[in-house]
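What follows is a short report on a single structure.
The values are calculated or read from the model by the stated rules, or taken from the named source; none is laboratory data. Quantities reported herein were computed from a predicted structural model and do not represent experimental measurements. Methodologically, a virtual Cβ is constructed for each residue, glycine included, from the backbone with ideal geometry; neighbour enumeration extends over all protein chains shown. In case anyone asks, the SASA skips ligands and DNA or RNA and just uses the protein heavy atoms, side chains included. Shrake-Rupley method; radii C 1.70, N 1.55, O 1.52, S 1.80 Å.
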Amino acid sequence: MSFGESLKERVHELLEQCDIKAFTEVNETVGYGQTGPAEGLAFYPGTNSVIPVALDPDHVGRVTRAVKLWYGEVANHPGWEKPALRVFSWPAEQIV
């Protein structure tokens, strides 16, 4: 999960709502996305956070539904912007 720093509180609420209790958060990440750069510079102060988290299939479904619901809220309010949030999934195997 990658998101703009301004969404941190809402993302943490979403994780709590989905019963996600354990995760790692990497703050102040920089990059370049669809809306342009995310850098911690004086003239462009926005940065991102990244939360990689291993989830069982039930929790994947919960997070998927919660994010889609969030996006749906935006679609129902003209003028609101889609959250700067991206969620990715790929297989992972714990080896230790």
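Annotations
- Inter-site label distance for Ser89 and Val60 at 7 Å from Cα along Cβ, in nm: 0.5 nm
- Added length on full extension, which subtracts the Cα-Cα distance from 0.36 nm per residue, Trp80 to Asp19: 19.2 nm
- Labels on offer are (1) 6.0; (2) 7.4; (3) 7.9, and the one holding mean projected area of the Cα convex hull in nm² computed from this structure is (2).
- Using alpha carbons only: equivalent-ellipsoid semi-axes of segment 54-96, gyration tensor based, whole Å: 29, 11, 5
- Within the shell defined by Cβ-Cβ distances under 12 Å, the residues around Glu16 carry a net charge of 0, with Lys and Arg each +1 and Asp and Glu each -1.
- GNM on the chain, alpha-carbon springs under 10 angstrom: the most fluctuating residue among Asn27, Asn48, Asn76 is Asn76.
- Of all accessible heavy-atom area on the chain, the percent that carbon and sulfur account for (1.4 Å): 57 percent
- Protein heavy-atom accessible surface, 1.4 Å probe, per residue over the chain: 75 Å².
- Along the chain, counting only GluC sites (Glu not before Pro) with a DSSP assignment other than H, G, I, E or B and at most 12 other Cβ atoms inside a 10 Å radius, the longest segment between sites is 1-80.
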